[in-house]
Amino acid sequence: MDDVRLEAAQARMLPDATARTPTRRATLHLAAGVLVTVVAAWWFVLAQEGSDVPAAGQVLDRTVDFAGRLLGVGDEATPAYAQSAKWAVVGRLALDTVVMSVLAAGMAGLGALATIAFAARSLTIGEFAPANRLLGRAAYLVVRGVHVVARSVPELVWALLLVFLVRPGVLAGALALALHDLGVMGRLGADVIDGLDRGPLRGLRASGARRLEILAYGVLPAALPQLVTFLLYRWEVIIRASVVVGFITAAGLGFQLRLDLSARRWTDVALILLVYVLLVWTVDLASTALRRLAR
Amino acid sequence: MSAAPGLVGVRPRFNRRGALTALLAGAFLASLAMVAGDELTHSGGGAAAWDLLGSLLRPDLSRAFLATVAEASLLTLGYAVAGMSVALVIGVPGAFLVSGVLTRRRVVRAGSVAAGRSVFATLRAIHELVWALLLLSILGLTPLAGVLAIGIPYGATVARVLGERLQDVPPAPPAALETAGASPWQILCYARLPLAGADMAGYVFYRFECAVRAAAVLSFIGLGGIGYRIEIALADLRFEQVWTLLAALVTVIVIVDRVSAMVRARMVV
């Protein structure tokens, strides 16, 4: 299935034909290590952060209570999800969120397209390296480094930093999302280029193509469909995160969700959550349909 | 140049890739047009940029602060590990459910697959931090809210992806076992898991890397870790501390990436 391949590539784990069953000993060691780590982690988190964990019965009561508040049980006012005016407002915010996500995906895609050639081993330090070895290695290290940093920092932290420089709004949110996504797309794109069939590239070189020509006529046409597929797949991830980035950059569904939560307007919260989930599902469907076109 | 026989004169009616390119470019340009009037930077933006970049050259490397950074990094890792343990408790049985490998009865299988898929799709659609906000409203400010906020959506994702891995094994070995009279459990343990196991473990480690990033921003609901320290440093305009913390976050992610590559290499060889 397509999704599996995408996820696998994202995990840098394209199925390996030579994979063999792990030995029993290695599996036991791994299991013991994982168990010790998990126990230590729980202990450390509870020790550091206080262990006032509510009892199971209490949690159940509070969950039922919370669900009731979301649905507006026992509330005299008309619940938000029954008011068409509220739907119009939230719909407008959802549009902002979509615009933010499309801008983010577009900017990340363009940024990745401009940089992945420098992050691919084969084009910088491998078979198709430039004559100047030092230059190729330097470009590889710098661009890879930028991608790693961009990817390691979560969107929300990028947003926290960006609001110092950029006016809060849709564009600020899009930039924060795009920065993180550039790192992910950069890594995926470089892996796609390194995984390309070398035959056509060698053919181009043998017939006298210069490096730029190899890139334009060999690498790009072969890599683009896969890149577009990844970009569409990332769009699904971005739309999920755009709500969270909106908390900080004061745009879209996220910001309204934060306001309604702090003002305890529970049925408004329910409406935003509903529209959010519908939006994520719609984008999932749209992305799947568009990916079919890319094939 | 001659066309292949039988294809003479046949042209594709619809250029799918061209249409896709036009669609994507159109969507991007339309979005751009919607924010075109907005100003990007605010009045203090230029000065703040210089402060931020200037302090990049002198990150805070004092011993006391480095100890704080180390503790915050460990706490973030702790949240990530605890969150992933919940994700696996949900995700592994969930994978058996959504892949339908544990039953031969068609109706039961179709029902469990459909139910599992729709439940997990909803859990997955909601972002970790939105979960964190909701759980905060239910549980109050306890570390459990942070751990569950990672564990629930990640568990749903893990269930879907591991379930697909279990389904996508080569069909011959499970079929052979079935012919020999093996039960679904035996087929799972002796054919599907050995075939897909290393791949599944690799995916779990990749998810763990994502969990570290998610754990880093749990500060958003008031829990500790790297994000909490970053927020404090930003509020105090101590940009030199922000850079140290970001460097720590990048280092943790890179280390997790290396360790997972090592473990994967040991598992498949």
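The values are calculated or read from the model by the stated rules, or taken from the named source; none is laboratory data. Keep in mind that what you see is a predicted model, and the values were worked out from it rather than measured. Ideal geometry is used to build each Cβ from the backbone, glycine not excepted, and the neighbour counts take in all protein chains shown. Accessible surface is based on the protein model in full, side chains and every heavy atom, while ligands, DNA and RNA are left aside. Shrake-Rupley method; radii C 1.70, N 1.55, O 1.52, S 1.80 Å.
Couple of notes before you dig in:
- Folded to 0 to 90 degrees: helix B:226-235 orientation relative to chain B principal axis, Cα: 30
- The angle between the Cα long axis of helix A:170-194 and the longest principal axis of the Cα atoms of chain A comes to about 40 degrees, rounded to the nearest 10.
- Built amide H within the under 5 Å cut-off of residue B:41, gap 5+: A:167
- A rounded overall shape is assigned to the protein assembly as shown, the ratio a/c of its alpha-carbon gyration tensor axes (a ≥ b ≥ c) being less than 1.5.
- Neighbouring Cβ atoms from other chains, within 10 Å of the Cβ of residues in B:122-135, number 6 on average.
- Rolling a 1.4 Å probe over the protein heavy atoms gives the protein assembly as shown an accessible area of 48 Å² per residue.
- Three-way shape call for region A:34-151 based on the alpha-carbon gyration tensor, with the a/c threshold at 1.5: oblate
- Once the chain from residue B:183 to residue B:16 is taken as fully extended at 0.36 nm per residue, the excess over their C-alpha distance is 55.6 nm.
- Angle in degrees between helix B:239-268 and the longest Cα principal axis of chain B, rounded to the nearest 10: 20
- Estimated purely from DSSP H runs of n ≥ 4, each contributing -39500 (n - 2.57), the mean residue ellipticity at 222 nm for chain A is -26000 deg cm²/dmol once divided by its residues.
- Segment residue B:114-residue B:66, extension gain: residue separation times 0.36 nm, minus the distance between their alpha carbons: 12.3 nm
- Among A:257, A:201, A:171, residue whose mean-square fluctuation peaks in a GNM of chain A (springs only between Cα atoms under 10 Å): A:201
- Shielding score for A:146-152, defined as the mean number of other chain Cβ atoms within 10 Å: 4
- Cut-off 13 Å between beta-carbons: net charge of the residues surrounding residue A:119, Lys and Arg +1, Asp and Glu -1: +3
- Net dipole in debye of region B:26-146 [+1 Lys, Arg Cβ; -1 Asp, Glu Cβ; about Cα centre; nearest 20]: 1080
- Share of carbon and sulfur in the accessible heavy-atom surface of region A:40-194 [1.4 Å probe, %]: 68
- Relative contact order, whole percent, for chain A stands at 23, derived from Cα pairs under 8 Å and 6 or more residues apart.
- Theoretical FRET efficiency, 1/(1+(r/R0)^6), r = Cβ-Cβ of residue A:198 and residue A:135, R0 25 Å, to 0.05: 0.70
- Leaving ligands and nucleic acids aside, the B/A contact buries around 7700 square angstrom of accessible area in total at a 1.4 Å probe radius.
- Shape of region A:246-295 from the C-alpha gyration tensor: oblate (a/c of 1.5 or more and a/b not above b/c, with a ≥ b ≥ c the square roots of its eigenvalues).
- Efficiency of FRET from Cβ geometry, residue A:29 and residue B:190, R₀ 22 Å, rounded to 0.05: 0.50
- Cubic angstrom per residue, convex hull over Cα atoms of region B:157-235: 96
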